[in-house]
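The values are calculated or read from the model by the stated rules, or taken from the named source; none is laboratory data. These figures come from a predicted structure and were not determined experimentally. Cβ: placed from backbone, ideal geometry, glycine included. Neighbour counts: every protein chain shown. Ligands, DNA and RNA are excluded from the accessible area calculation, which covers all protein heavy atoms including side chains. Shrake-Rupley method; radii C 1.70, N 1.55, O 1.52, S 1.80 Å.
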Amino acid sequence: MNPLLEIRNIETYYDLIYAIRGASLTVMEGSVTAILGNNGAGKSTILKTLMGLIEDQPDKGSILFEGQSIDGRDTEDIVRRGISYVPEGREVFEELSVRENLLMGAYVRRDRDGIRQDFERVYDYFPILANRTHQWAGTLSGGEQQMLAIGRALMSRPKLLCLDEPSLGLSPLLVKEIFRIITQINTEGVTILLVEQNARMALNIADMGLILENGRFVMKGSSQELLNDPNVKEFYLGMQDESSAKGYQRWKRKRRWR
Amino acid sequence: MIDFIQMLINGVAVGSSYALLGIAMVIIYKTSEVPNFAQGEMALISTYVAYMLLEQYQFPSYMAFPLSLVFAVVLGCVLEFTVLRRAKAPSVLGMIIITIGLEMILMGLVSWKFGAEQKSMPFPISPYDSVMFGDFFVSTLEILTLVVALCAMIVLFLFFRYSRLGMAMKATQQNPVAARIMGIRTRRILMATWGISSLVGASAGLLISPVIMQPYMMWDPMLKGFAAAVMGGMTSLPGAVFGAYLLGIIENLFGGYISIEFKSVVAFVVIVLMLCIRPSGLFARHYVKKV
């Protein structure tokens, strides 16, 4: 397997806030890689930096996609190289119909037949969308909007699909459904980079996991390793060995662990 | 009764040119939330270009008018590219001020180059020809204006509904970040918006020019077009059109029955009332965002 995406030691600022403090990661072709972390750890910032959505960032470091540097380029160009991004909070075009949203997903493509095939493919993954083709996207439920956002991202036939918190605000059943479809998309040849708070779900489908704290990766490993690691268990999966009276000790241990 | 219907007809006729300018404003407002006060003067310059081609270079009118419309598109794109895009991290208010400044510059340019006196545009249709429908007079120029306005509306409707570029414009307006993620080059979209808007505005300018042609000719229609757009909710093309016709009719009826002196002020009274009763405009579609 070759590395599809390599992020090398990037640092990102939001004005004066030092958000990513030197993070590196490699995404292998055909794999599912999950980035886990708490609120404010910088998970979404990594994806935004990758997509070129934060102006003049990354401040330091480089991002290679298929061996070519993409850092500092326009989002529009990065998308054309084959990276698709499902933003946090879905961000569908609310006053366009479902069909038009999907068409916009295929904006970078010109092949009409291919686009038609991909419409079929997306409707296969998400049959609900097929029933809602002419409805405004803003009138869909949260889960349907998430499906639409993923479908829209697939319409550009990406090599790498980046998902930012696909489980946000969805019922457990829907989360399961979405993750099942993500796995299916992956088996059909799309590499996936997943950012999640829901560590257990993410590690269940991921090959590799990374844990981000305060803008640095503190742990990397196969998802099996992470699932069995005592610290990960305690801090991210919510399993505890002892009763929570020792909360202070836990906090101290966590500080040291960083 | 005959008077009344005649006034309605005149109202619709004058409403058509308001409608064109209203549409032009809405197109830009929709994508960038900036009411473009230079709209009238952009049309003014394009109109004077047509005049120049006809009078000084003796172009036939079937070439001069299309050329001036092409000029209008280029002008719109160039202004967006050279002036508005240069604004660093602009606020909406800042952008509005820029368009007002632009308006003054363009108007000054026209006065300086062509002089401030009244010109007569060698338009192929005289504004004094008219057609009789039963007891009613309609001038041929008014019919032409109506036809042009209707065509512009239909073309724009189809454009926004079915074309890739039109759809991308709507997408950019609704969610610029998401549009960029789709690979839409939003800055180019904005430029195209200015081009199209300038084109629509210029067609209004050309249709006004046979009646009145001097550097202030676009002031009144532009403000009325803006008023119409506000009435329609600023973001809705059908709203602006409806507002424009309504305004044209109210204005004419007011002029006919109440006071001819205050005829052109009535538009603004209507707006004030409008904004008191329905601040979002007649046609604004309010989509409440789910948080």
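I'd like to know if the range B:25-38 contains one or more residues that are at pLDDT 85 or above, surrounded by 17 or more Cβ atoms within 10 Å (Cβ to Cβ) and charged (D, E, K, R). No, because not a single residue in the range B:25-38 is at pLDDT 85 or above, surrounded by 17 or more Cβ atoms within 10 Å (Cβ to Cβ) and charged (D, E, K, R). For the range B:211-224, taking the residues that are outside any helix (DSSP H, G or I) and open to solvent by 10 Å² or more (accessible area, probe 1.4 Å), the one that is farthest from residue B:112 (Cα to Cα) is identified as B:211.
Yes/no per residue for (1) surrounded by 20 or more Cβ atoms within 10 Å (Cβ to Cβ); (2) within 15 Å of the chain's Cα centre (by Cα); (3) within 12 Å of another protein chain (Cβ to nearest Cβ); (4) at pLDDT 85 or above:
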site: A:25; (1), (2), (3), (4): yes, yes, no, yes
site: A:32; (1), (2), (3), (4): yes, yes, no, yes
site: A:35; (1), (2), (3), (4): yes, yes, no, yes
site: A:57; (1), (2), (3), (4): yes, no, no, no
site: A:78; (1), (2), (3), (4): yes, no, yes, yes
site: A:81; (1), (2), (3), (4): no, no, yes, yes
site: A:89; (1), (2), (3), (4): no, yes, yes, no
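Only a single item in (1) open to solvent by less than 20 Å² (accessible area, probe 1.4 Å); (2) within 24 Å of residue B:173 (Cβ to Cβ); (3) of a type in the set (Asp, Glu) is not met by residue A:95, and it is number (1). Each residue in the range A:98-112 was checked for being open to solvent by less than 10 Å² (accessible area, probe 1.4 Å) and either touching a Ser or Thr at 6+ places or on another chain (Cβ under 7 Å) or outside the structural domain of residue A:142 (by TED's automatic domain parsing) (or both), and 3 of them qualify. Screening A:73, A:157 for residues that are of a type in the set (Lys, Arg) and within 21 Å of residue B:164 (Cα to Cα) leaves exactly one candidate, A:157. Do we have any residue at all in the range B:184-203 that's facing chain A (nearest Cβ under 9 Å) and closer than 21 Å to residue B:22 by Cα? Within the range B:184-203, none of the residues are facing chain A (nearest Cβ under 9 Å) and closer than 21 Å to residue B:22 by Cα.
Here the range A:101-134 is the region considered, the condition is being within 9 Å of another protein chain (Cβ to nearest Cβ) and within 11 Å of residue A:148 (Cα to Cα), and the residue that is modelled with the highest pLDDT is A:101. Considering the range B:162-176, the residues that are closer than 17 Å to residue A:85 by Cβ and facing chain A (nearest Cβ under 7 Å) include one that is surrounded by the most Cβ atoms within 10 Å (Cβ to Cβ), namely B:171.
Among the candidates B:208, B:181, the residue that is away from chain A (no Cβ under 14 Å), in contact with a Pro (Cβ under 7 Å, 6 or more places away or on another chain) and crowded, with 23+ Cβ neighbours inside 10 Å is uniquely B:208. Scanning the range A:137-173 for residues that are within 12 Å of chain B (Cβ to nearest Cβ) and of a type in the set (Val, Ile, Thr) yields a count of 1.
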